[in-house]
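Throughout, read-outs are computed from the coordinates displayed, never taken from laboratory work. Treat the numbers as computed from the prediction; the structure is a model and nothing was measured. FYI the Cβ positions are ideal-geometry reconstructions off the backbone, even for glycines, and counts take in every protein chain you see.
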Amino acid sequence: MSKLYLVPTPIGNLEDITLRALRILREEVDLILAEDTRKTGILLKHYGISKPMTAFHQHNEHHQVSRIIERLKSGERMALVTDAGTPGISDPGFLLTRACVQEDIVLESLPGPTAFVPALLNSGLPCDRFLFEGFLPQKKGRATRISEITHSPVTVVLYESPHRLVKTLKQIAEHSGNERFVSVSRELTKLYEENIRGPISDVIMHFSSTEVKGELVIVLSAAPKKEHQEH
């Protein structure tokens, strides 16, 4: 029976993959759809898995979906993986999973690594309710979105690239003030993991004085009650 497996992969430490994920990649699928076949190849080689791969990423997914759906409907079983983390969470995957639902193709989504969960827990901020923002718009709508998240009544989690981190923190500070608490997690699960917490002005100063590398997650404290009530 045809099936698409959504298989989370480690965000850094290669040990952070489930036995079930390894079994599915090794035994259950005919093809692995990979955001970057080179990076996925490293993971597969580490675990002694030999399986055909094809590229499936943000630049080709619109063109690939119909072809993949036809192959799935013919009876093939596939796994979708991204460079790191869970497919569809700020990564390619939504278009294909939506198409599978529309075509009544069986989906099986595995639990596993995703960067925002450890970053949220490491922040020390309330996590009973939170807003996951993903990546902010780079241009259109960016200022509006930043204004919205700085008035959020709950903790906010967002992703950012190294070269935009300081700029984004400064833009948040313009709306929230320099004393709003923020936590920035870098290189989660890797050898040089770093979690910097404190008033946003202090965090800006820290990252302004060093070269920023690696994947980043920003966790912003909720707006003061009076502020978000007024907003």
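Between GLN102, GLN171, GLN64, where does the largest GNM mean-square fluctuation fall for the chain, given springs only between Cα atoms within less than 10 Å?
Judging by the Gaussian network model, the answer is GLN102.
With a Förster radius of 35 Å, plug the Cβ-Cβ distance of THR144 and ARG26 into 1/(1 + (r/R0)^6) and report the FRET value to the nearest 0.05.
It comes to 0.15.
Pairwise over distinct Cα atoms, reciprocal of the mean inverse distance: report the Kirkwood radius of region 181-231 in Å, one decimal place. All intermediate terms of the calculation are to be shown ahead of the outcome.
Details: mean 1/r = 0.0817 Å⁻¹.
About 12.2 Å, per the Kirkwood formula over Cα pairs.
What angle, in degrees between 0 and 90 and rounded to the nearest 10, separates the Cα long axis of helix 165-176 from the longest principal axis of the Cα atoms of the chain?
50
State to the nearest 20 debye the size of the charge dipole of the chain about its Cα centre, where the only charges are +1 on K and R beta carbons and -1 on D and E beta carbons.
Around 280 debye, computed over the chain.
For region 1-76, what is one quarter of the convex hull surface built on the Cα atoms, given in nm²?
Working: hull surface 20.6 nm².
For the Cα atoms of region 1-76, the hull's average projected area reads 5.2 nm².
Once phi is turned into ³J(HN,Hα) by the Karplus curve 6.51 cos²θ - 1.76 cosθ + 1.60 with θ = phi - 60°, what whole-Hz value does each residue of region 89-106 show in order, with x for glycine and proline?
8, 6, 8, x, x, 4, 4, 6, 5, 4, 5, 5, 4, 5, 9, 6, 8, 5
Once phi is turned into ³J(HN,Hα) by the Karplus curve 6.51 cos²θ - 1.76 cosθ + 1.60 with θ = phi - 60°, what whole-Hz value does each residue of region 50-67 show in order, with x for glycine and proline?
So the J values, rounded to whole Hz, are 10, 8, x, 10, 9, 6, 9, 9, 5, 8, 10, 5, 4, 7, 7, 4, 4, 5.
Past 20 Å, Cα to Cα, is the threshold; run LYS140/LYS167; LYS140/LYS225; LYS190/LYS213; LYS3/LYS39; LYS39/LYS167 against it and keep the listed order.
Checking Cα-Cα distances, LYS140/LYS225; LYS3/LYS39; LYS39/LYS167 exceed 20 Å.
Kindly give Rg over Rh for region 68-147, based on alpha-carbon atoms, with the Kirkwood expression for the hydrodynamic radius.
A ratio of 1.07.
Measure out, as a whole number of angstrom, how far apart the alpha-carbon centroids of region 15-74 and region 114-128 sit.
When both Cα centres are located, 28 Å separates them.
What are the residues whose amide H is under 5 Å from the amide H of LEU80, where those residues sit 5 or more places off or on another chain and H is modelled from the backbone?
TYR5, LEU6, VAL7, LEU33
Just for region 100-231, what percent of DSSP beta bridges are antiparallel, to the closest 5?
75
At a Förster radius of 30 Å, what calculated FRET efficiency corresponds to the Cβ-Cβ distance of HIS206 and PHE135, to the nearest 0.05?
After rounding, the FRET efficiency stands at 0.85.
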